[in-house]
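*Asks:* My questions will all concern the structure given below.
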Amino acid sequence: MDRDRSRGLAGECRRGDGSTYKRRRVCGFPGGGLSFAFEFGRKAVWSLEVPPDLPAQSRSQSQLPEEWLLEELQRRAVRFFWEKADPGTGLINDRANNFVADDYTVASIAATGYGLAALPIGVEHGWLNRTDAAARARTTLRFLLAMPNERGWMTHFADKHSGERAWRSEYSSIDTALLTGGALTCGQYFVRDASTRDIAGLGDALYRRIDWWWMLTNGGQQPEKKVLSHGWTPETGFIKHDYADYSEALLLYLLGLGAPVDPLPPAAWEGFERPLQLYHGIESLKAGPIFIHQMPSGYFYFRNQRDNLGFDYWVASTNAMKIQRQFCIDRAGDFHTYAQGFWGLNASDGPDGYTAYGAPDGPHNGTVSPTGAIGSITFTPRLAVSAACDLYEVAGDALWGHYGFANAFNVDRNWYARDVIGIDLGMVLLAIENYRTGLVWALMERAPSTGQAFGAAGFQPAVEPEPRPVCLGCRSSDYLK
């Protein structure tokens, strides 16, 4: 590929023939900005600085407004969820080719959940007609309620046309949770209009049928168990792995605590381990791929709060973004991808197949995820916007396609993904929307289950001065260095 995609740290670019030139900056994060605030029902009130409005102008080589790029990332993600849904079932592809037509037919239940959450965003931005979006929501939820399930738990992958289980996949706890989060968000958006109130009822029915205790106790075989299983298959029963450590399952546990029927006990929130780590003096909760720190905050707003164990998950996630970037900076001498300023180690496609890349314990090989870096926008907005601009300016020809940035790339291996993955587009779509308007957080806050869940987990306002520790009352022995 004869593309000038390589950039040195000092702004020097390298063309495919080895010659160099000075890169011209086309995207900068302006200082100042507008401030917007939300008051959600609980005591926490927040405000966030955003870039000021920039003049509307077309894309050019000399100037690319950040707001245009964020808007376009969202618009193309919404396009994916609309175009890749089967019109008869509403089930949405797990992935799609970002550059040419494909014949993929396997749907992801989690991506379908993000597709439901994408409908309010699409309507609010004027990309989707409200009537059409409501019809799509009804089609999807009605089909989901008729699909095979195991005590309310849905299969991870399914044929998008028939709903039949695909790839002998598990009936997945986390993927059902991601579906439920999208259904609740969508329902809360349409509930205030009498003509679309039934959508909230359909989402609630999906939520009410989940048997949380069955997944908690492995069907009653382990009645004292306090952590949820990853899932169940008809062939082998319950998966041996549980969500026994800090993970994206924060979302799963909170939905279980807030469940309208037989919710999880508060002991389940306290049942999983929360190992702490230090990297270059930055403390965080230990987890490898960047999505783990981002996924729960797509739906739930954790800022300025601590749970009954003393943990501030917003601070932990913010620090995890900084650790990820610093980890890549520290290894810039070993990998061209990192040397060019790219970061975001994620569970993603890679030159050797799908891999859960992570920091600081690896694995890593110079493969980074655009959505991983951009999805940090609610926690580290300057870093995320800068990453988005760099990706567009430097690697855009290789990555930018019909649905935004392709899933991952590795400069050292001259490898660039061709596909996008639905859940990654969903996470970045929600993150950007929450950064810009707080819409998804506000909708999720309206759901009665959210207040119940945060109450059961003992969340209280964090009142100590900033910078705040990840955990109050934790000992040095709790840290993994």
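*Asks:* Sorted from fewest to most neighbouring beta carbons within 10 Å, what does the list Phe81, Phe302, Phe99 look like?
*Replies:* By the 10 Å Cβ count, ascending, the order reads Phe99, Phe302, Phe81.
*Asks:* Grab every C-alpha pair in segment 66-108, bin the distances at 5 angstrom width from 0 up to the longest one, and report whole percents.
*Replies:* Result returned by the calculation: 5, 21, 26, 22, 14, 8, 4, 0.
*Asks:* Still on this structure, I have one more. What is the spin-label model distance, in nm, from Glu224 to His280 if the labels are put 7 Å beyond Cα along the C-beta direction?
*Replies:* Going by the 7 Å Cα→Cβ label model, 4.5 nm.
*Asks:* Using only Cα atoms, find the angle between the long axis of helix 130-146 and the longest principal axis of the chain, and express it within 0 to 90 degrees, rounded to the nearest 10.
*Replies:* Compared with the principal axis, the helix lies near 50 degrees.
*Asks:* Given the DSSP H assignment, sum -39500 (n - 2.57) over each helix run of at least 4 residues in the chain and divide by its residue total; what's the result at 222 nm in deg cm²/dmol, nearest 500?
*Replies:* Helices in the chain give a 222 nm mean residue ellipticity of -11500 deg cm²/dmol.
*Asks:* With a cut-off of 8 Å between alpha carbons and a minimum separation of six or more residues, what is the relative contact order of the chain in percent?
*Replies:* 18
*Asks:* Oh, and also: For segment 340-347, just list the computed ³J(HN,Hα) in residue order, Karplus coefficients 6.51, -1.76 and 1.60, θ = phi - 60°, integers in Hz, with x standing in for Gly and Pro.
*Replies:* Couplings: 7, x, 7, 8, x, 8, 9, 6 Hz.
*Asks:* May I ask you to compute the full-extension gain from Leu309 to Arg168, defined as 0.36 nm times their residue separation minus their alpha-carbon distance, rounded to one decimal in nm?
*Replies:* 46.9 nm
*Asks:* While we're here: Using Cα atoms only, what is the angle between the long axis of helix 313-330 and the major principal axis of the chain, expressed in degrees (0 to 90) to the nearest 10?
*Replies:* Result, in degrees: 30.
*Asks:* Using a Förster radius of 30 Å, what is the FRET efficiency between Thr105 and Asp211 based on their Cβ-Cβ separation? Nearest 0.05, please.
*Replies:* The calculated FRET efficiency here is 0.55.
*Asks:* Using a 10 Å cut-off on Cβ atoms, rank the peptides 390-397, 457-464 from the highest mean neighbour count down.
*Replies:* Order by mean packing, descending: 390-397, 457-464.
*Asks:* So if R0 is 25 Å, what FRET efficiency would Ser195 and Glu124 give, r being the distance between their Cβ atoms, rounded to the nearest 0.05?
*Replies:* 0.90
*Asks:* Here are some values of log10 I(q)/I(0) by the Debye sum over Cα atoms at q = 0.07, 0.08 Å⁻¹: [x] -0.46, -0.58; [y] -0.34, -0.45; [z] -0.63, -0.70. Which one was computed from this structure?
*Replies:* [y]
*Asks:* For the residues Val123, Val385, Val261, what sequence is obtained by ranking on other C-beta atoms within 10 Å, fewest first?
*Replies:* Val261, Val123, Val385
*Asks:* Using a Cα distance threshold of under 27 Å, what count of lysine pairs results for segment 6-480 when pairs must be 8 or more residues apart or interchain?
*Replies:* 7
*Asks:* Quick check on the exposure proxy: order Arg303, Arg209 from fewest to most C-beta atoms within 10 angstrom.
*Replies:* Arg209, Arg303
*Asks:* Starting from the Cα of Val261, step 7 Å toward the Cβ, then list every residue of segment 152-193 with an amide N under 12 Å from that point.
*Replies:* 152-153
*Asks:* Give me the number: length gained by fully extending Asp159 to Cys474, i.e. 0.36 nm times residue separation minus the C-alpha to C-alpha distance, one decimal in nm.
*Replies:* Additional length available on full extension: 108.7 nm.
*Asks:* Okay, moving on. Relative to the first principal axis of the alpha-carbon coordinates of the chain, what is the inclination of helix 381-399, with its axis defined by its Cα atoms, in degrees from 0 to 90 and to the nearest 10?
*Replies:* Compared with the principal axis, the helix lies near 70 degrees.
*Asks:* Within segment 295-322, find all residues whose amide N lies under 14 Å from a label point positioned 7 Å from the Cα of Val463 along Cα-to-beta-carbon.
*Replies:* In segment 295-322, the label zone of Val463 (backbone N under 14 Å from the point 7 Å along Cα→Cβ) covers 305-306.
A short reminder: the numbers here are calculations on the coordinates, not readings from a lab. Worth saying up front: this structure is predicted, and the values here are computed from it rather than measured. Glycine gets a Cβ as well: all are built from the backbone with ideal geometry, and neighbour counts include every protein chain shown.
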